[in-house]
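Remarks on the structure that follows.
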Amino acid sequence: MTSPKDTKRRSQSWFGHEGKSGFLYRSWLKNQGYPSDLFDGRPVIGICNTWSELTPCNGHFRELAEYVKRGVYEAGGFPLEFPVMSLGETQMRPTAMLFRNLASMDVEESIRANPIDGVVLLMGCDKTTPSLMMGAASCDLPTIGVSGGPMLTGRWRGQKIGSGTGVWKMSEMVRAGEMEQEDFVEAESCMHRSKGGTCMTMGTASTMANMVEALGMSLPENAAIPAVDSRRYRLAQLSGRRIVQMVHEDMRMSKIMTRNAFENAIVANAAIGGSTNAVIHLLAMAGRIGVELNLKDWDDLGSKLPCLVNLQPSGEHLMEDYYYAGGLPAVLREMAPHLHLDALTVNGKTLGENVASAPCWNRDVITTASEPFKPDAGIAVLRGNLAPDGAVIKPSAASTHLLQHRGRAVVFENIEDLNARIDDDALDIDEHCVMVLKNCGPRGYPGMAEVGNMPLPPKLLKRGITDMVRISDGRMSGTAYGTVVLHTSPEAAAGGPLALVQNGDMIELDVAARRIHLDVTDEELARRRALWKAPEVPKRGWYKLYVDHVQQANLGADLDILVGGSGSEVPRDSH
Ligand code: FES
Ligand code: MG
């Protein structure tokens, strides 16, 4: 099993020592009952686990890790599971995104500081995927991703109800007086009914699992197998076997996550109708692995492409249906003309080889590329005097009649201002207005919360209005929908033009022309800028470190000090 190359393995810088330090490194681990031969130079595989009871989407990860271990042992490796900061999307305030970069630091330093030769990343809930991918990329060891898989379809009174999407819909129905509060509460227990698993819409978690697979960083089918399906556990075991081989082959993350792989992921995002959050996360991941990628690439490569996947929030089905229909391999097979098929993936085969004969079992869920679910999908990147560094919109989740629109701005200074006034029937607003929300960006919130899909005023909902143009420097949940312009850069709190918008200003959105324009003269904007005061920023702790160093959304909202990597060099001895 052990080849001469194996003696150079980094774990042997710990376990291969004679004398005092070798004793220290081995003996303390042996308190867990490991026999001596596990320290003989075989690949040591770190299993990076984001299990937490506060991250219910990853609630099955302790069991999932056991299956990875089976595979690692079978292939002659030595698995060691370790916890990292887990980010539960639904519980964490002010937003889990505030901690994505912090968790990535935990991942990076945990890997580098320990006797690890290869890594398995257990990822599920929205931010756990990018934080683990980012942290691992900055180490660049052989690495394989295992996602937790989606929950089963939510079912309530004979209907399918999707994570997030169903909440946005039903809460607006309650506000419009079309649904009773008791029914709303009953639906709570019916939406999330499988133990463990991510949102089963094509929200951010499912999108990011698809991104991991499209990048070539997981075994095929990883994105879609439901969390509770036995095949999810089989995939974990096979991934455990494979990572040991990857260490023998020295197949590092940087060999997989190339520019071409990112281009494939961008195409895949359009084809699945994926979340706008993928834009920020992929930009940040690319920054860590040293791949040049920018916001414009998303429009150049990932717009004007067909969406083939009829899943909520853009469509009707859910992740369980997606898996049974064939999952991402079936999608990528259709998208082959747009892909770099020679991109290497973790199983040692190319992406093209992996998907060449992928079947599709349900064309209602995954269409062909020639007769797509939506012809013009992907992410459109808007620019103009309101967003000099860009803003994004997901046309497939927007209303066609609003994609070109001019309207009067109704401005909310922050989320509290919105919440305080939106239900007031005296609010001066109609369906032609453009809702503007400030101070929700990386620095402003802080953490760039998912509040961009502002709720509509009840007086308009009651008249049957279901969408309006909304603009902010925040994000929106991947499960949300609407004509929502997001990630406006620079953000208001950093002095971006969004900070200068006032009630009554006219705003023009023209998605086809990729334009977002504030119809106010430069002189007037300069006058307003002179009066603008930067908001107060946090004074201590992580919040301070974050606002001092976070980059704008168009750069991926990573900390400037975290861009790039430090590799997997073995740090100096501890004793
Ligand atoms: Fe965890 Fe949606 S809240 S995946
Ligand atoms: Mg989310």
Seminar exercise, completed: Those residues of segment 146-180 which are within 16 Å of ligand 2 (Cβ to nearest atom) and out of contact with any strand residue (DSSP E or B) (no Cβ under 9 Å at 6 or more places or on another chain) amount to Gly164, Thr165, Trp168, Ser171
Seminar exercise, completed: Across segment 201-238, the tally of residues that are assigned to a helix (DSSP H, G or I), over 13 Å from the mean Cα position of the chain (by Cα) and among the β-branched types (Val, Ile, Thr) stands at 0
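Residues that are more than 20 Å from Gly327 (Cβ to Cβ), within 16 Å of ligand 2 (Cβ to nearest atom) and either at pLDDT below 95 or part of a helix (DSSP H, G or I) (or both): does segment 260-271 have at least one? Spell out how you get there, then give the answer.
First, the residues of segment 260-271 that are more than 20 Å from Gly327 (Cβ to Cβ): 260, 262-263.
This time we only want the ones that are within 16 Å of ligand 2 (Cβ to nearest atom), so: none.
No; the residues of segment 260-271 include none that is more than 20 Å from Gly327 (Cβ to Cβ), within 16 Å of ligand 2 (Cβ to nearest atom) and either at pLDDT below 95 or part of a helix (DSSP H, G or I) (or both).
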Exercise. So Thr368 clears everything in (1) among the β-branched types (Val, Ile, Thr); (2) buried (at least 24 other Cβ atoms within 10 Å of the Cβ); (3) touching a helix residue (DSSP H, G or I) at 6+ places or on another chain (Cβ under 8 Å) except one condition, right? Which one?
Worked result: (2)
Exercise. Which condition number in (1) in contact with a Lys or Arg (Cβ under 8 Å, 6 or more places away or on another chain); (2) closer than 22 Å to Val309 by Cα is the one that Thr143 fails?
Worked result: (2)
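Residues to consider are Leu525, Leu509; find the one that is more than 16 Å from ligand 2 (Cβ to nearest atom), in contact with a strand residue (DSSP E or B) (Cβ under 9 Å, 6 or more places away or on another chain) and not in a helix (DSSP H, G or I).
Going through Leu525, Leu509 in turn, the sole match is Leu509.
Of all residues being β-branched (Val, Ile, Thr), in contact with a strand residue (DSSP E or B) (Cβ under 8 Å, 6 or more places away or on another chain) and away from ligand 1 (no atom under 16 Å from the Cβ) in segment 429-483, which is farthest from Leu555 (Cα to Cα)? Just the residue, please. Steps first, please.
Going through segment 429-483, the residues β-branched (Val, Ile, Thr) turn out to be 429, 434, 436, 451, 465-466, 469, 471, 479, 483.
Next, only the ones that are in contact with a strand residue (DSSP E or B) (Cβ under 8 Å, 6 or more places away or on another chain) stay: 429, 434, 436, 451, 469, 471, 483.
This time we only want the ones that are away from ligand 1 (no atom under 16 Å from the Cβ), so: 429, 434, 436, 469, 471, 483.
Numbers: Ile429: 34, Val434: 26, Val436: 22, Val469: 24, Ile471: 19, Thr483: 23 Å.
In this case the residue turns out to be Ile429.
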For this session: Kindly list, by first and then second residue, each pair from a residue in segment 180-205 that is more than 15 Å from Thr129 (Cα to Cα) and among the hydrophobic types (A, V, I, L, M, F, W, C) to a residue that is near ligand 1 (Cβ under 10 Å from one of its atoms) and outside any loop (DSSP other than H, G, I, E, B), limited to pairs with Cβ atoms under 6 Å and residues at least 6 apart or on different chains.
Result: Met200/Pro150
Exercise. Is it the case that some residue within segment 71-79 is exposed (fewer than 15 other Cβ atoms within 10 Å of the Cβ), away from ligand 1 (no atom under 16 Å from the Cβ), under 24 Å from Arg572 (Cβ atoms) and of a type in the set (D, E, K, R)?
Worked result: no
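With within 14 Å of ligand 1 (Cβ to nearest atom) and either among the basic types (Lys, Arg) or touching a helix residue (DSSP H, G or I) at 6+ places or on another chain (Cβ under 8 Å) (or both) as the only criterion, which of Thr95, Thr129 stands out?
Values: Thr95 fails: either among the basic types (Lys, Arg) or touching a helix residue (DSSP H, G or I) at 6+ places or on another chain (Cβ under 8 Å) (or both).
After applying the criteria, what remains is Thr129.
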Problem set entry | Residues within segment 54-85 that are of a type in the set (A, V, I, L, M) and assigned to a loop (DSSP other than H, G, I, E, B), tallied | 4
Seminar exercise, completed: The residue that is surrounded by the most Cβ atoms within 10 Å (Cβ to Cβ), considering only those in segment 27-59 that are more than 16 Å from ligand 1 (Cβ to nearest atom) and aromatic (Phe, Trp, Tyr), is Phe39
For this session: Consider Lys255 carefully, then state whether it is in a helix (DSSP H, G or I) and surrounded by fewer than 20 Cβ atoms within 10 Å (Cβ to Cβ).
Result: yes
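If you check Val346 against the conditions, is it in contact (Cβ under 8 Å) with a residue 60 or more places away in the chain, β-branched (Val, Ile, Thr) and not in a loop (DSSP other than H, G, I, E, B)? So that I can check it myself, show each step before the final result.
Details: in contact (Cβ under 8 Å) with a residue 60 or more places away in the chain: yes; β-branched (Val, Ile, Thr): yes; not in a loop (DSSP other than H, G, I, E, B): no.
Against the criterion (in contact (Cβ under 8 Å) with a residue 60 or more places away in the chain, β-branched (Val, Ile, Thr) and not in a loop (DSSP other than H, G, I, E, B)), Val346 does not qualify.
What residue, of Gly46, Gly77, Gly118, Gly124, is closer than 15 Å to Ser239 by Cβ, touching a strand residue (DSSP E or B) at 6+ places or on another chain (Cβ under 7 Å) and within 16 Å of ligand 2 (Cβ to nearest atom)? Give the derivation first.
Working: Gly46 fails: within 16 Å of ligand 2 (Cβ to nearest atom); Gly77 fails: within 16 Å of ligand 2 (Cβ to nearest atom); Gly118 fails: within 16 Å of ligand 2 (Cβ to nearest atom).
Being closer than 15 Å to Ser239 by Cβ, touching a strand residue (DSSP E or B) at 6+ places or on another chain (Cβ under 7 Å) and within 16 Å of ligand 2 (Cβ to nearest atom) holds for just one of Gly46, Gly77, Gly118, Gly124, which is Gly124.
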For this session: Would you point out which residue out of Glu523, Glu491, Glu536 is in contact (Cβ under 8 Å) with a residue 24 or more places away in the chain and among the acidic types (Asp, Glu)?
Result: Glu491
Problem set entry | strands (runs of 3 or more DSSP E) contained entirely in segment 86-193, each with at least 1 residues that are of a type in the set (Phe, Trp, Tyr) and touching a Pro at 6+ places or on another chain (Cβ under 8 Å) | none
Problem set entry | Long-range neighbours under 8 Å by Cβ, at least six apart or interchain, first residue in contact (Cβ under 8 Å) with a residue 12 or more places away in the chain within segment 552-567, second assigned to a strand (DSSP E or B) and surrounded by fewer than 22 Cβ atoms within 10 Å (Cβ to Cβ) | Gln552/Asp389; Asn554/Asp389
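Which residue is nearest to ligand 1 (Cβ to nearest atom), if the candidates are limited to segment 484-519 and must be closer than 17 Å to Val381 by Cβ and among the β-branched types (Val, Ile, Thr)? Explain how you work it out, then say what you get.
To start, the set of residues in segment 484-519 that are closer than 17 Å to Val381 by Cβ comprises 484-491, 496-498, 508-517.
Now narrow it down to the ones that are among the β-branched types (Val, Ile, Thr): 484-485, 488, 511, 516.
Working: Val484: 18, Val485: 23, Thr488: 24, Val511: 27, Ile516: 29 Å.
Per the criteria, the residue is Val484.
The values are calculated or read from the model by the stated rules, or taken from the named source; none is laboratory data. Note that this is a predicted model, so its numbers are computed, not measured. All Cβ positions, glycine included, derive from the backbone under ideal geometry; neighbour counts span all protein chains shown.
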